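S.K.: Have a look at this one before I ask anything.
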Amino acid sequence: MPEREVKLTIGPQHPMLKEPESFLLTLRGEKITDMTVRLGYNHRGIEKACEGRTYIQDMYLVERVCGICSHSHSTCFIQAVEEIAGLQVPKRGLYIRTLISELERIHSHLLWLGVAGHEIGFDTLLMYTWRDRELVMDILALLTGNRVNYGMNTIGGVRRDITAEQIPQILSTIDTLEERTKYYVQVGTQEITLRERLSGVGKLSKEDAIHLGAVGPTARASGVNRDVRHDDPYAVYGELSFNVITDDHSDVYGRTLVRLGELMEAYKLVRQILKQMPEGPIVVKAPRKIPAGQAISRYEAPRGEDVHYVKANGSDKPERVKVRAPTLANVQVVAHMLKDGYLADTPIVIAAIDPCFSCTDRAIATTNIDNGRTDRMDWPTLRTYGIDWYSKQGIDFAELNRKLRTMRESN
Amino acid sequence: MLVEEEKIKQQLAERFGLPAEKITVQRERRIWADVQAAEFGEIFDYAVDKLGFVILATITGLDEGPTLGVIYHIARESGIILNLHVSVPKDKPVIKTVSVRFPAADAYEREMVDLLGMQVEGLPPGNRYPLPDGWPAGQYPLRKDWKSDTLGKTPVSPESEASRGEEVKEDA
């Protein structure tokens with residue numbers, strides 16, 4: 001029987017996808033011959049909403065453009081506002097902003113590594129990296145009060161200072177994470193299954209990466225040496241020394257190595273920031289009304305270049321806010337990478353550009369149906385509640401945990 | 001300081017006879033230029049090919065009252081951004097696509113089509129972005145006179161979502 005072309009729609013709701021988007025794949029056998037993307041299912045009208053709100057409200061709004069790189073968006077936005085207003089943000093404020101940026105990159109890249117592991121059936125890697133990611137989330141919570149949507153920024157600086165007691169905690173966490181990441185680098189370079197599964201998958205040549213406008217680790221893994229932190233330095237990146245990690249594999253394997261390399265660089269950056277951070281004020285007072293003007297701000301988010309354009313009209317609300325998140329630049333690249341590849345590679349190729357998806361908070365609000373009362377649960381209470389709930393269903397891990405402990409101790 | 005930026009400003013001014021007040025060096029690595037729609041294509045090509053602005057950071061669309069504005073944010077690898085601004089009349093908002101040179105522009109231009117009612121000549125056929133299929137015609141959310149309650153007063157026609165489904169069925 002002659003081979004027929006088959007069209008396969010994936011999405012907008014599909015178990016493979018972490019957020020709604022729709023792909024129409026044309027298949028010849030197991031090979032993808034063409035693909036079109038339909039986006040916009042998550043369009044929330046944030047740019048329009050910004051025009052009707054004050055600058056400070058907008059800052060919190062754009063922080064919610066993304067659940068992972070929330071600090072990226074709020075920083076990118078206020079950098080533009082601060083430029084229009086002519087504000088000189090104090091050095092210490094900029095250092096703290098940069099510190100949160102790099103901690104955010106660490107949590108985002110560790111998250112990606114887990115997702116990548118999961119997509120290729122290497123769930124041990126997911127469990128390991130997401131366990132480690134908790135460490136950096138704890139540090140972010142310690143410094144900002146939140147695991148995501150940190151609310152650390154304000155126009156003119158940052159809202160919270162870093163205390164002397166917090167610094168050793170950050171450093172010791174970074175030491176641990178660095179050790180763990182070294183192990184992942186070892187896994188990445190020596191584990192044959194991982195290397196073979198990812199090599200040659202989702203190919204993107206350097207020429208195509210440049211032509212199609214790929215950004216972030218996706219571009220750098222195709223040998224494109226572009227990083228806004230280095231090329232158009234903002235915050236205090238001009239005072240820090242770091243390497244822009246590139247790789248020539250030009251496939252998903254290369255994208256993995258770049259992110260691993262960027263994790264190692266991020267640890268170095270955090271140490272440098274803490275060492276070089278000057279004493280002094282963390283914020284300057286910003287006017288409520290921003291004078292007329294316009295500015296463009298660029299920021300190297302974990303996923304790539306984030307671009308914000310802000311136009312001010314002299315009132316307390318912006319005339320126009322434009323956001324170009326990195327995924328929009330990279331999603332065009334995905335179609336190209338999937339072409340001539342296998343259908344089974346689709347999940348990991350899409351995941352390899354690290355498309356954005358939301359992260360949940362650890363505290364949950366529950367409403368008691370009987371009395372309508374709302375309670376907040378913190379993590380330990382939620383954990384205890386979970387263990388109790390399962391033991392009532394007859395599933396008890398206490399015995400298993402005890403056994404594992406004895407085994408570990410006897411080793 | 002600003003040597004490179006001033007040089008670019010001078011090159012643009014000399015070659016295209018742009019008045020000095022139309023080109024501004026805002027700060028290090030930031031240049032803004034206001035150009036006429038008729039000469040935009042030529043200036044854009046020159047900036048990309050001859051001045052090395054090879055990265056398209058994004059395209060911003062603006063509602064400027066009687067006109068619609070477009071800003072092409074193009075960058076050099078060394079970090080300098082040239083922001084080329086052009087205005088077209090609102091009753092005939094036609095621009096030419098730059099997606100041949102920069103395929104990534106496809107999404108940015110479709111965004112202006114959907115949200116501002118821009119007409120982009122030469123845009124290849126493809127899915128709309130970002131509004132849903134069946135969004136009422138003539139409703140442009142980023143125009144200043146558009147309010148979110150405007151939509152409630154317009155009947156919504158669920159046309160193209162159905163046709164997409166059929167297309168898949170036929171081929172499968």
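S.K.: Can you list which of the GluC sites (Glu not before Pro) found in the range A:191-265 are DSSP loop residues with at most 15 other C-beta atoms within 10 Å?
M.R.: Numbers: sites: A:Glu191, A:Glu196, A:Glu207, A:Glu239, A:Glu262, A:Glu265; in loops: A:Glu191.
Hits after loop and neighbour filter: A:Glu191.
S.K.: How large is the helix-only mean residue ellipticity at 222 nm for chain A, computed as the sum of -39500 (n - 2.57) over DSSP H runs with n ≥ 4, divided by its residue count, in deg cm²/dmol to the nearest 500? Mind dumping the intermediate values first?
M.R.: Details: 15 runs with 201 residues, N = 411.
That comes out to -15500 deg cm²/dmol.
S.K.: Between the range A:136-195 and the range A:1-65, how far is it from one alpha carbon centroid to the other, in angstrom?
M.R.: When both Cα centres are located, 30 Å separates them.
S.K.: What's the average, rounded to a whole number, of partner chain beta-carbon atoms within 10 Å of each residue's beta-carbon in A:33-45? Before the final figure, lay out each step's value.
M.R.: On the way: counts 0, 0, 0, 2, 4, 8, 6, 12, 2, 1, 8, 1, 6.
The shielding value for this peptide is 4.
S.K.: How high is the relative contact order of chain A, in percent, with contacts defined as C-alpha pairs under 8 Å that are six or more residues apart? It would help to have the intermediate numbers written out before the result.
M.R.: Values: 709 pairs, mean separation 87.0, N = 411.
Computed over chain A, the figure is 21 percent.
S.K.: Can you count the Lys pairs in the range B:3-130 whose Cα atoms are under 16 Å apart, with each pair 8 or more apart or on different chains?
M.R.: Numbers: B:Lys7/B:Lys22; B:Lys7/B:Lys50; B:Lys9/B:Lys22; B:Lys9/B:Lys50.
Total qualifying Lys-Lys pairs in the range B:3-130 comes to 4.
S.K.: Separate question: For chain A, set up a Gaussian network in which alpha carbons nearer than 10 Å are linked by springs, and say which option among A:Arg303, A:Arg105, A:Arg288 fluctuates the most.
M.R.: A:Arg288
S.K.: May I ask for the percentage of alpha-carbon pairs in chain A that lie more than 30 Å from each other? Don't skip to the end; give the middle numbers.
M.R.: Values: 39644 of 84255 pairs.
I get 47 percent for the Cα pairs in chain A exceeding 30 Å.
S.K.: In whole angstrom, and with the biggest value first, how far do the Cα coordinates of the range A:210-253 range along each principal axis?
M.R.: Reported extents, whole Å, longest axis first: 32, 19, 11.
S.K.: Return the average number of partner chain Cβ atoms within 10 angstrom of each residue Cβ along peptide B:58-65.
M.R.: Values: counts 14, 3, 13, 3, 6, 3, 3, 0.
Per residue, the average neighbour count from other chains is 6.
S.K.: For A:Lys285, give me every one of the lysines with a C-alpha distance below 22 angstrom, ignoring sequence neighbours fewer than eight places off in its own chain.
M.R.: In chain and number order, the partners are A:Lys91, A:Lys311, A:Lys317.
S.K.: So which residue, out of A:Thr256, A:Thr33, A:Thr327, gets the largest mean-square fluctuation from a GNM of chain A using Cα contacts under 10 Å as springs?
M.R.: The residue with the greatest mean-square fluctuation here is A:Thr33.
S.K.: Using Cα-Cα distances under 8 Å and only pairs 6 or more residues apart, what relative contact order does chain B have, in percent? Don't skip to the answer; put the middle values down first.
M.R.: Numbers: 249 pairs, mean separation 25.4, N = 172.
So the answer I get is 15 percent.
S.K.: Quick one, what does Rg over Rh come out to for the range B:3-130 if you take C-alpha atoms and the Kirkwood Rh?
M.R.: Values: Rg = 14.4 Å, Rh = 15.0 Å.
Computed over Cα atoms, the ratio is 0.96.
S.K.: Go ahead and run the numbers for FRET between A:Glu30 and A:Ser205, Cβ-Cβ distance against an R0 of 35 Å, rounding to 0.05. Mind showing how you got there, number by number?
M.R.: On the way: r = 23 Å, r/R0 = 0.65.
Efficiency, rounded to the nearest 0.05: 0.95.
S.K.: To continue, here is another question. DSSP loop GluC sites (Glu not before Pro) in the range A:25-85 with at most 13 other Cβ atoms within 10 Å of their Cβ, which ones? Don't jump to the answer; show the numbers that get you there.
M.R.: Details: sites: A:Glu30, A:Glu47, A:Glu51, A:Glu63, A:Glu82, A:Glu83; in loops: A:Glu30, A:Glu63.
Hits after loop and neighbour filter: A:Glu30.
S.K.: Tell me the GluC sites (Glu not before Pro) within the range B:1-82 that lie in a loop according to DSSP and have at most 10 other beta-carbon atoms within 10 Å. Each step should come with its number before you reach the end.
M.R.: Numbers: sites: B:Glu4, B:Glu5, B:Glu6, B:Glu14, B:Glu21, B:Glu28, B:Glu39, B:Glu42, B:Glu64, B:Glu77; in loops: B:Glu28, B:Glu64, B:Glu77.
Here no loop site has a sparse enough neighbourhood.
S.K.: How would you rank A:His308, A:His118, going from fewest to most other Cβ atoms within 10 Å of each one's own Cβ?
M.R.: Values: A:His308 28, A:His118 18.
With the fewest neighbours first, A:His308, A:His118 line up as A:His118, A:His308.
Values in this text are rule-based calculations from the coordinates and carry no lab data. Bear in mind that the values here come from a model prediction, so they are computed numbers and not experimental data. No Cβ is skipped: glycine too gets one built from the backbone with ideal geometry, and neighbour counts run over all protein chains shown.
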